[in-house]
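Heads up: the structure comes next, in structure tokens.
The values are calculated or read from the model by the stated rules, or taken from the named source; none is laboratory data. Nothing here was measured: the structure is a model prediction, and the numbers come from that model. Please note: Cβ atoms are built from the backbone with ideal geometry, for glycine as well, and neighbour counts cover all protein chains shown. Protein only, heavy atoms only, side chains kept; ligands, DNA and RNA dropped before computing areas. Shrake-Rupley method; radii C 1.70, N 1.55, O 1.52, S 1.80 Å.
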Amino acid sequence: MRRTKAAALETKAKILESALDIFSEKSFSNASLTEIAANVGLTKGALYWHFKNKNDLLLQLMKEICKHGEDKVKNLFNTPDSVGKLRKYYKDSLILLLKDDRNKKIHKIMTKRDEWPEDIQQSVRQIIKESIERERLMVEKFISKGQEEGRFRENISPTAVAVLISSIFHGLCVMQLSGMLPEEFPQYTDILFDAFTKELSAK
């Protein structure tokens, strides 16, 4: 039973990666389930075992993309030296946007959103909104914990700071992907984190 479940999850993951490949290169209307399945050596019927239709496949892909990003942030708060690792996470994220092939494919898909059916656009907007909100809450909890441990000033709003950090870096990611920032820009984020550290410090 365990092996069967593991195999099913592996197959589903392969289909999602194939969908990422195809959706990034073709418009939603021109991307076919047959092609997505064949790209990983499956039949269209096998794909329907995991996804209801093309709309469902795209939505599940967007959920997987958002979850992957959330998991990376969540792991930061489960290990020591979270401040340094949070800084590294955002800096590395900006660097990888232009160097990692998977991120390039994700960006290509997102630039095609206007081609999607309206109901899919609305669902994806909600998925992204909820993902950003969960990330913001994790940052907020981290700041609150720092206040409880005496590392951060008590007279600041964890919510406000978390919104600021999340908004700044999500905005920078969009600008970086759009080619509006110089390639060396990720190094400049140290200035932001130095400012945050100085402002938050209880000393």
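So here's what we get for this one:
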{"read-out": "Those residues of region 1-50 which are among the polar types (S, T, N, Q), open to solvent by 50 Å² or more (accessible area, probe 1.4 Å) and without any contact (Cβ under 8 Å) to a residue 60 or more places away in the chain, in sequence order", "value": "THR4, ASN30, THR34, ASN39, THR43"}
{"read-out": "All positions within region 148-176 that are at pLDDT 90 or above, more than 26 Å from LEU97 (Cα to Cα) and assigned to a helix (DSSP H, G or I)", "value": "PRO158, THR159, ALA160"}
{"read-out": "Conditions (1) open to solvent by less than 50 Å² (accessible area, probe 1.4 Å); (2) in the same structural domain as SER123 (by the TED database): number failed by LYS74", "value": "(1)"}
{"read-out": "Of the criteria (1) exposed (fewer than 13 other Cβ atoms within 10 Å of the Cβ); (2) acidic (Asp, Glu); (3) closer than 18 Å to SER131 by Cβ, which one ASP101 fails", "value": "(3)"}
{"read-out": "Enumeration of residues in region 177-203 that are modelled with pLDDT of 85 or more, open to solvent by 60 Å² or more (accessible area, probe 1.4 Å) and more than 20 Å from ARG136 (Cα to Cα)", "value": "MET180, GLU184, GLN187, TYR188, ILE191"}
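Listed here are the residues, each with its yes/no results for (1) in contact (Cβ under 8 Å) with a residue 12 or more places away in the chain; (2) assigned by the TED database to the domain that holds LEU9; (3) within 15 Å of the chain's Cα centre (by Cα).
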| residue | (1), (2), (3) |
| --- | --- |
| LEU59 | yes, no, yes |
| MET62 | yes, no, yes |
| VAL83 | yes, no, no |
| TYR89 | yes, no, yes |
| ILE95 | yes, no, yes |
| LYS99 | no, no, no |
| GLN121 | no, no, no |
| GLU135 | yes, no, yes |
| PHE142 | yes, no, no |
